[in-house]
Amino acid sequence: MAVVRITAWLEERIDLWPIRHFIQKKVIPVHRHSVWYYFGGMTLFLFAIQVATGILLTLYYRPSGEEAYESVQFIMTDVQFGWLVRSIHSWSANLMVLMMMIHAFSVYLMQAYRKPRELTWVTGMLLFGIVLFFGFSGYLLPWNVLSYFATKVGTEIAGQFPLVGHLLMRLLRGGDEVTGATVSRFYGIHIAILPALTTAILALHLFLVQKQGMSVPPSVERAHRGQPLRAMPFVPNFLLRDLFGWFVTLGLLAALAALFPWELGQKADPFAPAPAGIRPEWYFVFMFQSLKYIPAKIGPFDGEVLGVLGFSLGGLFLLLVPFLDKKSALGEPSPLFRRIGIGIIAYIVIFTVLGYVAPAVP
Amino acid sequence: MVVHEQGEQVDHGRRMVNWLLGSSLGVLFVSIFYPIVKYLIPPKLAEPTTVSVTLPWKLAELKANSGRIFRFKSLPGILVKTSGGDLRAFSAVCTHLQCTVQYREDRQDIWCACHNGVYDLNGKNISGPPPRPLEALKLNVRGDQIIVMKG
Ligand code: FES
């Protein structure tokens with residue numbers, strides 16, 4: 001057989017033992033929370049789709065104030081299947097953020113961040129931030145009205161940080177205002193800087209996951225009192241299930257992209273008012289909605305400065321949770337951190353829903 | 001005693017080498033990253049010096065109870081004609097997070113759609129998150145021409 005001959009040929013030249021060992025040894029624990037193990041792989045799959053469709057889009061896209069909108073229009077109307085490629089890129093981005101959130105919060109609630117997996121968690125949170133930045137930077141590239149104002153507000157929020165804010169804002173915008181220079185800059189960030197960072201951190205993340213194996217929730221561990229758990233081999237049992245999920249997702253993506261092609265909207269016009277009902281991408285809506293409720297002044301401080309600081313502290317808490325949660329590091333139950341996690345999820349869900357149902361006009 | 005002194009000399013020499021190596025590496029990194037960091041900071045563009053703009057509309061064209069956005073240097077401004085016939089001009093940049101505001105005929109106020117900020121017709125922030133009033137611009141009407149100035 002060809003495969004055997006090729007492996008033999010390779011084996012003569014390089015040592016395939018680590019790969020073989022990995023394939024034979026990797027197992028997935030089977031218990032009532034096993035279903036959550038699928039979401040990391042799903043995020044990875046969608047990321048692969050983003051890379052592929054993103055590369056295709058670079059072939060026609062032009063990152064400048066004069067040409068960005070027109071080039072996306074060209075992709076959508078003139079390039080064969082251009083609408084499909086762009087639509088899949090947009091839909092897949094959104095699904096990827098969703099899968100990543102489910103992955104991150106399931107890991108949190110199962111306390112898989114606890115010793116010895118602190119670094120896996122930290123790399124994961126860094127990837128979380130990068131993916132959100134991917135979404136934010138990609139949103140501007142079509143240079144339409146919504147993306148223009150989203151970027152204006154988003155970069156202005158970065159500008160609210162004490163001391164470094166103004167510099168940060170100019171760095172992001174590539175000047176004092178959101179202009180064509182911002183498009184070029186976001187393009188560079190979106191297709192070069194973030195992918196490079198992602199590659200490095202993702203490699204570390206996956207390496208750590210393979211090195212340490214799958215974490216089992218402490219509650220399951222305790223229930224088994226040291227008895228070995230049931231497990232299924234990763235290859236082929238779990239991988240086939242993964243593949244099945246990916247296949248279904250691919251179908252779903254194609255259907256979404258074909259039935260609801262991603263809209264292009266109106267070209268950005270810095271001299272038009274912000275349109276009524278303006279709203280960021282759904283994964284930023286909870287922050288956006290919170291900003292609406294924070295009053296202009298809280299004591300001597302501007303409300304939005306405090307809001308921005310609050311969200312940064314929340315992010316910092318999530319980043320450092322393995323080092324704060326001393327109890328689960330020892331394998332003991334840690335209800336406080338569980339409740340905080342549920343609280344954060346509830347906050348995000350409630351404010352997201354509010355963002356869609358609360359009336360837009362006062 | 002002699003051996004001990006030699007040892008001290010060796011120690012001293014090694015520390016010297018370490019220090020030299022360390023600091024030259026430091027200098028190398030700084031000399032690489034300094035220009036990169038500076039490169040990333042966008043240059044300041046010279047602001048045009050004219051601070052007055054003649055609006056593209058004639059006074060007679062403007063209806064009472066209406067608002068229009070105009071280009072004031074590189075930023076949007078808003079011109080409002082109140083239902084009483086008064087003219088007012090402000091920077092149209094919301095003081096909250098910089099969205100562009102609009103005049104609402106139905107409620108006769110100035111509204112920012114981004115986070116529901118509302119200003120009255122003196123530019124004062126009256127509800128929602130904006131922390132400061134809109135920046136007022138000076139108006140000068142010469143015949144049928146409207147001229148807007150900063151001041
Ligand atoms: S930017 Fe105007 S209310 Fe927030």
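A few points about this structure:
- By the equivalent-ellipsoid construction on the alpha carbon gyration tensor, region B:20-151 comes out with semi-axes of 44, 19, 10 Å, ordered largest to smallest.
- Using the Cβ-Cβ distance between B:Arg107 and A:Glu66 with R0 set to 51 Å, the FRET efficiency works out to roughly 0.90.
- Residues A:Lys297, A:Lys211, ranked from the fewest to the most other C-beta atoms within 10 Å, line up as A:Lys211, A:Lys297.
- Proxy reagent accessibility, fewest Cβ within 10 Å first, across B:Ile147, B:Ile41, A:Ile28: B:Ile41, B:Ile147, A:Ile28
- Candidate lysines - alpha carbon under 27 Å from B:Lys63, same-chain residues fewer than 8 apart omitted: B:Lys73, B:Lys81, B:Lys124, B:Lys138, B:Lys150
- Averaging Cα coordinates gives a centre for region B:122-137 and one for region A:332-351; these two points are 38 Å apart.
- Within chain A, longest stretch clear of exposed GluC sites (Glu not before Pro) (DSSP loop, no more than 13 other Cβ within 10 Å): A:67-262
- For region A:163-224, the square roots of the Cα gyration tensor eigenvalues, ordered a ≥ b ≥ c, give a/c of at least 1.5 with a/b greater than b/c, which places it in the prolate category.
- Listed by number, the DSSP H helices of chain A that run 24 Å or longer by alpha-carbon position along their axis and have mean Kyte hydropathy of at least -1.0 are A:38-58, A:82-109, A:118-140, A:194-212, A:239-259, A:303-324, A:335-357.
- Between region A:256-273 and region B:79-114, the C-alpha centres lie 25 angstrom from each other.
- With only Cα atoms counted, region B:68-112 has Rg and Dmax values of 10.5, 31 Å.
- Net charge contributed by nearby residues that have their C-beta within less than 11 Å of A:Trp121 (K/R +1, D/E -1): +1
- Backbone N under 14 Å from the A:Leu259 label point (7 Å along Cα→Cβ), restricted to region A:62-103: none
- Averaging the sequence gap over all C-alpha pairs within less than 8 Å and six or more residues apart, then dividing by the number of residues, gives chain B a relative contact order of 17 percent.
- Spacing of the two label points (7 Å from each Cα toward its C-beta) at A:Phe311 and A:Ile19, in nm: 4.4 nm
- Taking the Cα centre of chain B as origin and assigning +1 to Lys and Arg Cβ atoms and -1 to Asp and Glu Cβ atoms, the resulting dipole is close to 680 debye.
- Relative to the current alpha-carbon distance between B:Val30 and B:Lys138, full extension at 0.36 nm per residue lengthens the span by 34.0 nm.
- Crossing angle, helix B:2-40 versus chain B [Cα axis fit, 0-90 degrees, rounded to tens]: 20 degrees
- In chain A, the calculated helix contribution to ellipticity at 222 nm averages -21500 deg cm²/dmol per residue, counting -39,500 (n - 2.57) for every DSSP H run with n ≥ 4.
- Orientation-averaged projection of region A:222-301 equals 13.5 nm² [convex hull of Cα atoms, one quarter of hull surface area].
- Contact order relative to length of chain A, as percent, for alpha carbon pairs under 8 angstrom and 6 or more apart: 26 percent
- Total lysine pairs in chain A at Cα distances under 17 Å, for residues eight or more apart or on different chains: 7.
- Directionally averaged shadow of the protein assembly as shown, computed from the convex hull of its alpha-carbon atoms, nm²: 37.6 nm²
Every number in this text was worked out from the coordinates using simple rules, so none of it is lab data. Fair warning: this is a prediction, and the values are worked out from it, not measured in the lab. Because the Cβ atoms are built from the backbone with ideal geometry, glycine has one as well, and the counts that use them run over all protein chains shown.
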